[in-house]
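Worksheet for the structure shown next.
Taken together, the values in this text are just the output of simple stated rules run on the coordinates, not laboratory data. This is a predicted model, so every value here is computed, not measured. As a convention, Cβ positions derive from the backbone with ideal geometry for all residues, glycine included, and neighbour counts pool all protein chains shown.
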Amino acid sequence: MPEIEVERVKVIQMLPTFMFGDAIGNEALEIDRILKDAGYETTIYAENISDSIPKNIVHDIRQGFEEPDRDDVILYHMSIAWAYFPCIQRAQCRKIALYHNVTPASFFKEYHKDFYDGCMSGLNEVKRLKNEFDYCLADSEFNRQDLISYGYSCPIDVLPLIIPFEDYRKKPDSRVIRKYSSPNPCAKGSNVAFVGRIVPNKKFEDIIAAFTLYQRNYDQDAKLFLVGNYGKDDVYYRRLRDYVQELGVKNVFFTGHISFAEILAYYRIADVFVCMSEHEGFCVPIVESMLFKTPIIAFDAGAVADTLGGGGILLKEKDPLLTAGLIDRVVRDGELREEILKGQRRQLSRFRFERIRDLFLRYLSAFCGREG
Amino acid sequence: MAQTIDVEKIMDEIRADIERRELDDTLVPFDEIPFSNEIMTVLPDSHEYSRKELRRNLLYAADHYKVPLDRVIEAGNTGAMTVKKAVRKFTRFYIKPVVEDQNSVNAALVNALRQERNYIQAQEQAVRELKERLAALEAEIEKLKKAGRPETESAVSSHEGDPRGTEEKSSWYLKKADKSTGTKPRYFK
């Protein structure tokens with residue numbers, strides 16, 4: 001099998017949207033860094049680029065796209081439909097899809113027509129492209145099975161999202177820590193948290209319902225931090241806000257868009273992380289909670305079970321009062337807490353940056369070494 | 001990777017604790033919360049009370065009571081847009097106080113409806129408590145019936161708080177009756 005020298009292979013990452021703080025954008029940046037360190041020539045192209053991203057790192061595909069050579073590799077981050085995909089189709093080179101999953105459109109039907117349409121066309125495009133790629137990398141086994149069910153017959157491997165643990169050692173926001181730390185969560189005033197954009201598939205209403213019963217029956221001073229961005233006029237966010245008001249529950253905080261230091265602070269003060277999401281392609285916050293030694297309670301949906309991997313507590317059913325009881329148990333029962341954290345530590349080692357980096361480079365090297 | 005923690009066992013313990021402590025699990029269903037982009041219409045009058053509809057409409061009204069004065073003029077023919085913008089500007093002096101008055105009325109109606117809702121909730125709570133008390137009294141009556149004591153005298157003794165025996169109670173009662181108008185006292189309305 002002819003070996004392709006690393007130095008001769010150019011890897012071109014392509015993605016529709018590159019936003020600051022977005023998981024896919026972060027992944028693309030990390031891959032860029034890894035490839036450069038390994039000696040590959042590499043670039044990134046995107047269409048919608050947030051202003052805070054330096055122009056020399058991500059190129060605007062609307063300004064033009066340099067035709068790749070036969071030995072080059074396009075690494076396409078597949079998550080939504082993209083008008084520029086025909087550029088990738090026409091390119092006479094090898095192609096890898098990095099599949100991040102498409103949120104089922106049904107979650108947006110009542111809320112946001114544009115997102116609904118985008119997800120519908122995104123999923124249709126994923127199915128349509130089943131013969132376009134030479135190789136696929138999926139963030140999780142859940143995503144891999146999705147591709148297989150859509151008829152993808154090329155080799156598919158699982159590559160967890162690349163999470164640089166080093167970034168999480170940065171200094172957290174001290175103001176948040178001072179204001180919200182609970183000195184004795186076993187007695188009262190425990191902090192429950194979830195991190196994620198305020199979108200319908202993440203089922204914030206189920207977290208709020210469980211927390212309401214937890215506050216009512218177990219810890220009247222408990223606080224709930226919903227750390228995620230939202231639009232002020234967003235229909236789903238307003239509904240959640242009305243729900244909180246109607247339930248009469250207190251100490252529910254929607255943080256909105258905050259700095260990375262503040263996000264770190266909320267992880268630091270959380271006594272338990274609760275996830276009721278009904279669709280996740282990977283769920284980075286679960287790994288982040290493991291990093292911060294926060295016990296996790298999560299509903300079994302999408303790739304959550306893959307990412308938890310035996311760590312944390314996986315719920316098979318949604319019962320708000322049972323979940324409230326479980327939150328109380330996790331906060332107060334030191335032995336159970338330690339057992340959960342032990343499982344999470346074991347699982348966390350699977351996502352070590354060095355391990356995922358080496359896995360990615362091995363996959364890429366093996367792919368490049370195959371005959372075209 | 002399978003879970004090493006026996007989650008089922010923990011959940012069973014929590015269920016048992018919930019049952020033992022009779023914890024409160026009442027929640028407003030999320031689907032009763034209206035969407036802010038809904039277009040509300042008048043529903044057919046069913047003459048039946050629906051808490052869900054009260055909540056839905058009250059929440060919607062509270063979210064939307066303030067009708068905005070300024071509206072975006074949809075993009076279109078340039079000439080038409082210019083005319084529309086001019087009309088908007090020149091009629092503002094007249095429209096503004098009308099909108100402000102209407103918003104004030106809307107706010108008062110939302111406040112009034114909230115008071116109505118609060119009253120209904122208080123009444124429902126009072127009815128719940130009375131029903132509980134009634135059920136407890138009925139259970140006690142049943143218990144005493146089974147124990148073989150006449151319910152009338154036991155009801156009197158429990159109602160009056162008189163700890164004395166049956167005959168004594170009767171004579172005490174008759175003495176009380178004599179003291180008044182001589183007619184039989186009325187126990188029950």
Do any trypsin sites (Lys or Arg not before Pro) in region A:1-103 lie in a loop, going by DSSP, with at most 16 other beta-carbon atoms within 10 Å of their beta carbon, and if so which?
-> A:K55, A:R70
To two decimal places, what compactness ratio does region A:218-336 give when its Cα radius of gyration is scaled by 2.2 N^0.38 Å?
-> 1.08
Region A:56-122 and region A:205-225 have their Cα centres apart by a whole-number Å value of 40 Å
For helix A:23-37, what angle does its Cα long axis make with the longest principal axis of chain A, in degrees from 0 to 90 and rounded to 10?
-> 50 degrees
Using the count of nearby Cβ atoms within 10 Å as a rough guide to exposure, how do A:E205, B:E22 rank from fewest to most?
-> B:E22, A:E205
Regarding region B:7-125, what is the average projected area of its C-alpha convex hull, in nm²?
-> 14.0 nm²
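When averaged across all projection directions, what area in nm² does the alpha-carbon convex hull of region A:13-160 cover? Let's see the in-between values first.
Values: hull surface 36.6 nm².
Mean shadow area of the hull around the Cα atoms is 9.1 nm².
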Filter the cross-link list A:K109/A:K188; A:K202/A:K250; B:K52/B:K145; A:K188/A:K342; A:K55/A:K223; A:K127/A:K202 down to pairs whose alpha-carbon distance in this structure exceeds 32 Å.
-> A:K109/A:K188; B:K52/B:K145; A:K55/A:K223
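With 10 angstrom as the radius, rank A:D221, A:D173 by how many other C-beta atoms surround their C-beta, starting from the fewest.
Details: A:D221 13, A:D173 18.
In order of increasing Cβ crowding within 10 Å: A:D221, A:D173.
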Quick one: if you stick a label point 7 Å off each Cα along the C-beta vector at A:Q92 and A:V235, how many nm between them?
-> 4.8 nm
Kindly write out, for region B:129-139 in residue order, the coupling ³J(HN,Hα) from the Karplus curve 6.51 cos²θ - 1.76 cosθ + 1.60 (θ = phi - 60°), rounded to whole Hz, with x marking Gly and Pro.
-> 5, 5, 4, 5, 5, 4, 4, 5, 5, 5, 5
Size of region A:76-167 along its principal axes in angstrom, Cα-based, largest extent first?
-> 39, 38, 27
Volume per residue of the C-alpha convex hull in chain A, rounded to whole Å³ = 138 Å³
Say R0 is 41 Å: what FRET efficiency, to the nearest 0.05, do B:F90 and B:L54 get from their beta-carbon distance?
-> 0.50
Taking neighbour counts of Cβ atoms within 10 Å as a proxy for exposure, in what order, fewest first, do A:V9, B:V67 appear?
-> B:V67, A:V9
